[in-house]
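Have a look at the structure below before the remarks.
Derivation of every value follows stated rules applied to the coordinates shown; laboratory data play no part. Everything numeric here is computed off the predicted structure, so don't read it as measured data. Here Cβ is always computed from backbone atoms with ideal geometry, including for glycine, and neighbour counts include all displayed protein chains.
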Amino acid sequence: MPGIRSLTEIVISVHNMEESLKFYRDLLGLNVMSPPDFRGAVFLQVGSSGTGIPQQIVLVPLPEGTPDFSSERSQRTLHHIGFEIAHEDFDAESARLKAAGLDVRFGEHPFLAVKGMYLDDPDGNEVELIATKSS
């Protein structure tokens, strides 16, 4: 059986593409990789696995009128997604996101030496920004 080398994409259904792009592209700084004339989904590059296959978040628009996702997290299929940031950027990023009006929450991993901040995207999906703890 071949071994999995890395995670290459996460696909997220979104109610409002422009609001989602403001969050993932403009606020978090992910780069759009799909061509401007590409219809439908928007592919955003997260990083690179070093294999030539970029890590991606793919935003897929839901049909107009699709009901909002449940505000109860236990009723959702996606618990949260996490992005790694540099340890030295953690505090400044937290301050920047709070200044942008986001509700930033904090937590620590139960068994890894990392800390995280949590915020919600426009659809209420929880997004974690995670960094190593100081050594």
TODO: Sequence neighbours fewer than 8 away in the same chain don't count; with that in mind, list the lysines whose C-alpha is under 16 Å from Lys98.
DONE: Lys22
Task: Low-density loop cleavage sites - chymotrypsin sites (Phe, Trp or Tyr not before Pro) in region 6-112, where at most 16 other Cβ are within 10 Å (DSSP) - done: Phe38, Phe111
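Distances over 19 Å make up what percent of all Cα-Cα pairs in the chain?
On the way: 5061 of 9045 pairs.
So the pairs more than 19 Å apart make up 56 percent of the total in the chain.
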Open item on the list: I need the shape label for region 79-135. Rule: rounded when a/c is under 1.5, else prolate if a/b > b/c, else oblate, with a, b, c from the alpha carbon gyration tensor.
Closed with: oblate
Task: Overall Cα dimensions of region 44-119 - principal axes, largest extent first, Å - done: 42, 35, 29
TODO: Mind checking region 15-48 for trypsin sites (Lys or Arg not before Pro) that DSSP puts in a loop (not H, G, I, E or B) and that have at most 10 other Cβ atoms within 10 Å?
DONE: Arg39
Task: Virtual spin-label span in nm between Thr8 and Asp120, 7 Å along Cα→Cβ - done: 3.3 nm
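Diagonalise the Cα gyration tensor of region 1-63 and give the resulting equivalent ellipsoid semi-axes, square root of 5 times each eigenvalue, largest first, whole Å. Show your work: numbers first, answer last.
Working: eigenvalues 104, 34, 23 Å².
Listed largest to smallest, the semi-axes of region 1-63 are 23, 13, 11 Å.
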Task: 5 angstrom amide H check on Glu84, placed H, neighbours 5+ away - done: Ile130
Open item on the list: Helix-only mean residue ellipticity at 222 nm, the chain, DSSP H runs n ≥ 4 weighted -39,500 (n - 2.57), per residue, nearest 500. What is it?
Closed with: -3000 deg cm²/dmol
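Just to confirm the filter: which GluC sites (Glu not before Pro) across region 1-87 are DSSP coil and have at most 12 other Cβ within 10 angstrom of their Cβ? Working shown, then result.
Working: sites: Glu9, Glu18, Glu19, Glu64, Glu72, Glu84; in loops: Glu64, Glu72.
Filter output for region 1-87: Glu64, Glu72.
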